[in-house]
Amino acid sequence: MRPDLLLKVLAKFLIPFILIFAFYVQFHGDFSPGGGFQAGVIISAAAVLYVLAFGLELAERGIPLRALQYLSSTGILLYTGVGVACLLKGGNFLDYSVLLDNDVAGQHLGIILIELGVGITVASTLTLIFFTFAHWSRHS
Amino acid sequence: MESLLDLILMIFLLIMALAILHTRHLLAMAMLFGLYSFLMAGLFLLMDAPDVAFTEAAVGAGISTVLMIVTLAVTGIHRERPGRIHWPALFVVMLTGGLLLAGLSQLPAVGDPASPATLGVARHYVEHAAEETGVPNLVTAVLASYRGFDTLGEVVVVFTAGLGVLLLLGLDRRKPRIRKRARKEGGDSETRPAA
């Protein structure tokens, strides 16, 4: 039996649950503890576990570095995009009430969207940092 | 019961801090920092701040420990070099610590309803946030809506950190040359990395 077999089997079993938990934290953050930041960190923890179990090459075949670079700016663009949309609708920057006809519904929509932006940026940036470091440690 | 848990966590926190000071092995130090963060997360949870506890456990105990360990794998230096005592630095640290301890008695008690933090906008948030934003979790409402600008700044900070790592390590592919120089400089490190 190869020594890393146990790690691989366990990682394969755990990663889907970690990801589902991350999505729960992301989209249930309005009602329970959590939010985009925590969800992003949990997603990148799943990526770290994958790299530890299966190696950097396989991981990069699944999530290329370039995609991570694009994703990390996508999150910020989504966040600021919501702010600009508020400006265009005649409100202040990041004043979500103007997004929809109903003030409260607009606030809720704005919060969900910017939390999504936070989650995307945090998840991809932390994964990107880890991948870059892991590249170096393999070469040294 | 809760104060007993508080006490136990505090004692372990102190033990962790002393152990971090005592150990010279950088890998062990990184692990101990992770444990320290995890104990802090427990304390935050006892203070009824699950959102903060969540972040502390995920970021402090999880990701930053992993980042410290991969950094050690890159640098290949696994032991702290024993240095001489830097007296001015020691003086500044002692002075700051003393001032902080002296200021401790002026802080309001935990949960004090008359403390400045609960008298300002916090009262408005507690009373009106749920109906104004439609979000029952007050922390999310404050972070994402009332303090949306703040949170935007935080996300930009994370993004900038990633950008910095990319600029320093990621985009430059001339690894072997830099590594050779690093090895020459770090030649007196006591152990080589296993990775």
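The values are calculated or read from the model by the stated rules, or taken from the named source; none is laboratory data. Keep in mind that what you see is a predicted model, and the values were worked out from it rather than measured. Note that each Cβ is placed from the backbone with ideal geometry, even for glycine, and that neighbours are counted across all protein chains shown. Keep in mind that these areas ignore ligands, DNA and RNA; they rest on the heavy atoms of the full protein, side chains included. Shrake-Rupley method; radii C 1.70, N 1.55, O 1.52, S 1.80 Å.
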| query | Out of residues 5 or more away from B:Arg79 or on other chains, whose amide H comes under 5 Å of its own, with H placed 1.01 Å from N in the peptide plane? | reply | B:Leu26, B:Glu190, B:Thr191
| field | Mean residue ellipticity (222 nm) of chain A, computed from DSSP H runs ≥ 4 via -39,500 (n - 2.57), nearest 500 | value | -27500 deg cm²/dmol
| said: Compute, for the protein assembly as shown, the length of the dipole vector about the Cα centre, with Cβ point charges of +1 (Lys, Arg) and -1 (Asp, Glu) only. Units Debye, rounded to 20. | reply: 2520 debye
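Starting from the alpha-carbon convex hull of the stretch A:14-60, give the projected area averaged over all orientations, in nm².
On the way: hull surface 12.8 nm².
For the stretch A:14-60, the mean projected area of the Cα convex hull comes to 3.2 nm².
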| request: Please work out the C-alpha center-to-center distance from the stretch A:9-48 to the stretch B:24-102 and express it in whole Å. | output: 24 Å
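Please state the equivalent ellipsoid semi-axes for the stretch B:1-81: what are the square roots of 5 times the Cα gyration tensor eigenvalues, largest first, in whole Å?
On the way: eigenvalues 141, 50, 5 Å².
Computed over the stretch B:1-81, the values are 27, 16, 5 Å.
Within the stretch B:1-81, what whole-number % of the accessible surface is contributed by carbon and sulfur, with the 1.4 Å probe and all protein chains included in the calculation? All intermediate terms of the calculation are to be shown ahead of the outcome.
On the way: 3580 of 4660 Å².
Taking all protein chains in place, the stretch B:1-81 shows 77 percent carbon and sulfur surface.
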| request: With an 8 Å cut-off on Cα pairs and a minimum separation of 6 or more residues, tell me the relative contact order of chain B in percent. | output: 21 percent
| Table column - 3J(HN,Hα) (Hz), the stretch A:13-19, Karplus curve with 6.51, -1.76, 1.60, x for Gly and Pro | 6, 7, 4, x, 5, 4, 5
| request: Could you bin all the Cα-Cα distances of chain B into 5 Å bins starting at 0 and give me the percent of pairs in each, rounded to whole numbers? | output: 1, 6, 8, 11, 14, 15, 15, 11, 8, 5, 3, 2, 0
| Karplus couplings for the stretch A:87-104 from phi (6.51 cos²θ - 1.76 cosθ + 1.60, θ = phi - 60°), rounded to Hz, Gly and Pro as x? | 4, 5, 7, x, x, 8, 4, 6, 8, 5, 4, 7, 4, 10, 4, 8, 4, 5
| Dipole of the protein assembly as shown [Lys/Arg +1, Asp/Glu -1 at C-beta], most positive-end residue of A:Thr127, B:Pro136, B:Val155 | A:Thr127
| What list of ³J(HN,Hα) values in whole Hz, one per residue of the stretch B:104-110 in order, does the Karplus curve 6.51 cos²θ - 1.76 cosθ + 1.60 (θ = phi - 60°) give from phi, with Gly and Pro shown as x? | 4, 6, 7, 6, x, 5, 4
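Roughly how many debye, to the nearest 20, is the charge dipole of the stretch B:43-176 about its Cα centre, given +1 on each Lys and Arg Cβ, -1 on each Asp and Glu Cβ, and no other charges?
Values: 8 positive and 11 negative charges, 216 e Å.
Dipole of the stretch B:43-176, to the nearest 20 debye: 1040 debye.
Using the Kirkwood radius built from alpha carbon pairs, what does the Stokes-Einstein equation give as D for the stretch A:5-139 at 20 °C and 1.002 mPa s, in µm² per second? List each step's numbers first, then the result.
On the way: Rh = 16.1 Å.
D = 133 µm²/s.
Roughly how large, in nm² to one decimal, is the mean projection of the convex hull of the alpha-carbon atoms in the protein assembly as shown?
Working: hull surface 87.6 nm².
Mean orientational projected area (the protein assembly as shown, Cα hull): 21.9 nm².
Can you tell me the accessible area per residue over chain A, all protein chains present, probe 1.4 angstrom, in square angstrom? All intermediate terms of the calculation are to be shown ahead of the outcome.
Values: 6820 Å² over 140 residues.
Per residue, chain A has 49 Å² of solvent-accessible surface.
Efficiency by 1/(1 + (r/R0)^6): what FRET value for A:Leu19 and B:Leu100, r their Cβ-Cβ distance, R0 = 41 Å, to the nearest 0.05?
Numbers: r = 41 Å, r/R0 = 1.01.
That gives a FRET efficiency of 0.50.
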